Structure formats: C-alpha cells, structure tokens
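Quick notes on the structure that follows.
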Amino acid sequence: MSKSNSGNISEIMIAKWSDRFFAWLIDFLIITMISTLIMFTLFGKIDFEINEKWMWAETTQYVQTSIIFFAYWTILEYKTGQSIGKKILNVKVTNLYGKQADLKSVVISSFGKTFLIPIDVVLGLIFTNEKRQRIFNKIGDTIVIKIKNNEKNDDVNIKYKKDGI
C-alpha cells in the first residue's frame, strides 16, 4: 500500500488473476504432495488398481486433502496474509483497506477456495469488479494485493533503543 501525492488517498495494487492462479497452483502442488505422502504412509503404497479399497482410499484422500488445504490457507493467511505460493509471487490477502484480514474473513475466503473453487472463480470472473474478488472474497471482505519490494520488509528502517540496563 502506498500513499498518493494527492492528500490522504492510499493506493492498493490489486494482484493479477495470473499471479493468484500461480500462487494457488504452487500451494496445490505442495498440499497434494503432503497428502499423497500421508496416504502412502497409511496404506503402504499408492495403488491405482480400481477396487473397493481404492474407492475408499480416494474418498478418504479427498476429504483429508480438503481439510489440509482449508487449515493451510486459514492458518497461514490469517497469521501472515500469505501462503507459500503467495509469498513466492509477492501477493497477500488483506481486508479492503490493505490491512490484516480478521479470522472470520480469512475463513470465508479459504472455504470458497478449498471446497468450491470452480464455482467461486467462475462467478468471480463473471461478476468481477475493480478489486478482482472471487465470490468468497466479496463475502469475506478480502482482497489479494501485490506487495512491492519496499513493503515486504517494513521493519528495515526501525531503530531499536534499550530501556536502561
């Protein structure tokens, strides 16, 4: 977020859809690998032979992976505003004012991205606005912003002073 030369107006750089997609893809690959590793550990092998055990394992993996995705995005985006994919691509989830989003807003946004991503994205693209929000971003009052290099390290110019001994 940067201050504009015209008074108190702040400018927020909204992240491009492509940056958001590639951040999501990075997160998807990371969580899928973790989930597959967990399933491999539980079942001893990854077997693609179609049978009753396979169907149960697939259903279990879908539920488990969805829960991992939801927890991953909720925790990281609430604590830091960024998942690993977002950090790599210098984008961040914030409230509509560019500040840290509250837990309720992050949970709403994460829910849409975890369980209803195709619907969330398609409707978000159809009904998009200048904020490039998915439907669950609109409901949760969140936006995804591009972070400038000078905004990543806000504490660089901080001088620390000790209080006595």
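The values are calculated or read from the model by the stated rules, or taken from the named source; none is laboratory data. For clarity, every value in this text was computed on a predicted model and none was experimentally measured. Backbone-built Cβ (ideal geometry, glycine too); neighbour counts: all protein chains shown. For accessibility, only protein heavy atoms count, side chains too; no ligands or nucleic acids. Shrake-Rupley method; radii C 1.70, N 1.55, O 1.52, S 1.80 Å.
Take the conditions charged (D, E, K, R), surrounded by fewer than 18 Cβ atoms within 10 Å (Cβ to Cβ) and touching a residue at least 24 places away in the same chain (Cβ under 8 Å) and apply them to residue 131. Does it pass? Yes. When residue 113 is tested against (1) more than 15 Å from residue 80 (Cα to Cα); (2) free of Cβ contacts under 8 Å to residues at least 12 places away in the same chain; (3) among the charged types (D, E, K, R), exactly one condition is not met: (2). Among the listed residues 139, 126, 143, 117, identify the single one that is within 13 Å of the chain's Cα centre (by Cα), modelled with pLDDT of 75 or more, surrounded by fewer than 17 Cβ atoms within 10 Å (Cβ to Cβ) and not basic (Lys, Arg). Unique residue meeting the criteria: 117. Among the residues making up the stretch 95-112, those that are over 13 Å from residue 71 (Cβ atoms), of a type outside the set (A, V, I, L, M) and open to solvent by less than 90 Å² (accessible area, probe 1.4 Å) are 95, 98, 102, 105, 109, 112. Inclusion of residue 92 among residues that are modelled with pLDDT of 95 or more and surrounded by 15 or more Cβ atoms within 10 Å (Cβ to Cβ) is warranted.
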